[in-house]
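Each remark here refers to the structure printed beneath this line.
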Amino acid sequence: MNLTELDYYNILNVARNATKEEILISYRKLAAKLCPQRDVRHERDFGLITNEDQTTHMSPLPLTRQWEYINMACDILGNDLRRSIYDRFGESGLLQGILLPNGYFPPYQYHDDHMRVYCDVFASYSPYANVIDSIMGKSPPLYNNQTYGIGVKTKDPPVIKQIDLELEDVYHGCMKLMHVWRQEFVGCSDVCTEKRKKILKLQIPPGVRAGTQYCFSEEGDRNATKIPSDIIFIVQDKPHKIFKRIAETDDLLYIHEVTLCQALTGFHFTLNTLDGRQLKVYITDVVHPGFTKRINGEGLPRCNKEMVDDSSVPLKSSSEDFGDLVIRFQIVFPQYLSKDMKRLTRKYFADLSAIEQQEADKNSGCH
């Protein structure tokens with residue numbers, strides 16, 4: 001067989017500028033006619049798929065020769081590198097090898113395993129095995145239409161979308177209507193599609209953690225040769241003007257500014273909570289660097305499995321069902337002190353040291 005006489009594009013009955021998808025579609029159509037694994041019993045059972053005769057544009061070549069040619073052509077044109085070598089240097093360059101700027105392309109030699117090519121395209125050794133297994137529930141779904149031929153549907157990677165939630169929504173739980181634009185089939189056709197809007201209802205339970213994923217199975221684009229991809233929404237906390245969730249917990253962090261005088265003498269303040277209450281906080285201790293106050297049960301709800309499965313479960317009043325509120329203090333120092341202010345400050349701390357010494361002496365005398 002003189003390989004240099006073959007026109008691989010003509011063998012697959014496609015134009016030289018055909019896309020890879022068009023090449024594979026043409027191969028499927030020809031392979032469905034020429035595959036030697038055809039079985040007359042299957043042809044009777046699946047006449048809708050195989051009722052065309054075996055006449056092709058390569059007739060009157062023997063069917064075995066046509067079968068050999070289409071697999072060799074698909075092995076070459078279905079590979080991007082081999083096709084580019086063939087397009088640029090012709091069959092001689094493909095068969096003899098080419099020295100490229102980035103290395104040497106060795107001579108191409110067909111492996112003569114026609115069913116390997118067939119199996120790579122159809123994902124099955126038998127041309128009818130997928131149909132039989134699909135009916136028996138043993139294989140992925142198939143597609144079969146005049147435009148794309150026959151094949152096994154594959155599933156695209158999931159579509160990842162981020163949803164930012166206000167902490168108030170996290171606290172109470174909420175329902176989100178997610179507007180998704182996707183390709184959908186037009187009319188009764190399983191080939192033509194157009195972009196349409198789909199509304200997905202996302203039920204957010206109280207206390208949901210950042211990073212939680214909600215998967216809508218097979219809600220992605222419709223395609224004649226694909227299984228619709230999953231759409232996954234990943235929850236993230238939206239920055240809040242007052243609070244911040246402590247990572248991987250149900251606790252809330254609040255930073256409160258205090259003056260140096262308040263830090264030393266004590267103070268109180270009122271804080272508006274996420275559920276609209278006013279929380280009074282009293283600080284009597286000296287606020288030193290690193291000082292925090294933890295208030296039990298004033299954080300976010302703890303999101304448990306029951307809440308996820310049934311968002312209608314009411315929140316319990318027990319503080320054990322909530323995280324804590326952690327308050328950190330930021331001491332604001334004066335930016336300027338006059339001479340008199342510095343003198344009074346020194347006197348204050350001197351008097352304070354003297355009082356502390358007296359207390360220490362008194363305590364030691366008692367012992």
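The values are calculated or read from the model by the stated rules, or taken from the named source; none is laboratory data. In this text the structure is predicted, and so the values were computed from the model without any measurement. Every residue, glycine among them, receives a Cβ derived from its backbone with ideal geometry; neighbour counts consider all protein chains shown. Only protein heavy atoms, including side chains, enter the accessible area calculation; ligands, DNA and RNA are left aside. Shrake-Rupley method; radii C 1.70, N 1.55, O 1.52, S 1.80 Å.
With each label modelled as a point 7 angstrom along the Cα→C-beta vector, the Gln183-Ser338 pair spans 7.8 nm.
In a DSSP loop and with at most 13 other Cβ atoms within 10 Å, the chymotrypsin sites (Phe, Trp or Tyr not before Pro) in the stretch 330-367 are Tyr336. In the complete set of protein chains, residue-level accessible area for Asp321 is approximately 40 Å², probe 1.4 angstrom.
Can you pull the accessible area of Lys176 for me, 1.4 Å probe, Å² to the nearest 10? Accessible area, nearest 10 Å²: 60 Å².
For the stretch 61-124, a crude dipole built from +1 on the beta carbon of Lys and Arg and -1 on the beta carbon of Asp and Glu, taken about the Cα centre, is about 120 debye to the nearest 20. In the structure displayed, which of Lys153/Lys238; Lys201/Lys226; Lys280/Lys362; Lys176/Lys293; Lys244/Lys347; Lys29/Lys195 lie more than 32 Å apart, Cα to Cα? Lys153/Lys238; Lys280/Lys362; Lys176/Lys293; Lys244/Lys347, as the Cα separations exceed 32 Å there.
The listed residues Trp181, Trp67, once ranked by accessible area (1.4 Å probe) with the largest placed first, stand as Trp181, Trp67.
Note on Thr249 and Gln330: the extension gain reaches 26.9 nm, defined as 0.36 nm multiplied by sequence separation minus the Cα-Cα distance. When all protein chains stay in place and ligands, DNA and RNA are ignored, the 1.4 Å accessible-area order of Val186, Val286, Val121, Val208, largest first, is Val286, Val186, Val121, Val208.
In this calculation the C-beta distance from Thr273 to Ser84 is compared with R0 = 41 Å, giving a FRET efficiency of 0.05.
Stretching the chain fully between Gln213 and Gln96 yields a gain of 36.8 nm (0.36 nm per residue, less the alpha carbon separation).
Compared with the alpha-carbon gap, the fully stretched path from Glu257 to Asn13 is longer by 80.1 nm at 0.36 nm per residue. Quote the FRET efficiency, to the nearest 0.05, computed for Lys241 versus Lys197 with a Förster distance R0 of 25 Å and r equal to the Cβ-Cβ distance. Using R0 = 25 Å, I get an efficiency of 0.15. Between Ile295 and Glu356, the simple label model (points 7 Å from Cα in the Cβ direction) yields a spacing of 3.1 nm. Other residues with beta-carbon under 15 Å from the beta-carbon of Met178 carry, at +1 per Lys or Arg and -1 per Asp or Glu, a net charge of +3.
Ser353 contributes an accessible area of around 70 Å² to the protein surface, as traced by a 1.4 Å probe with all chains present. The order of the peptides 340-347, 77-84 by mean Cβ neighbours within 10 Å, most packed first, is 77-84, 340-347.
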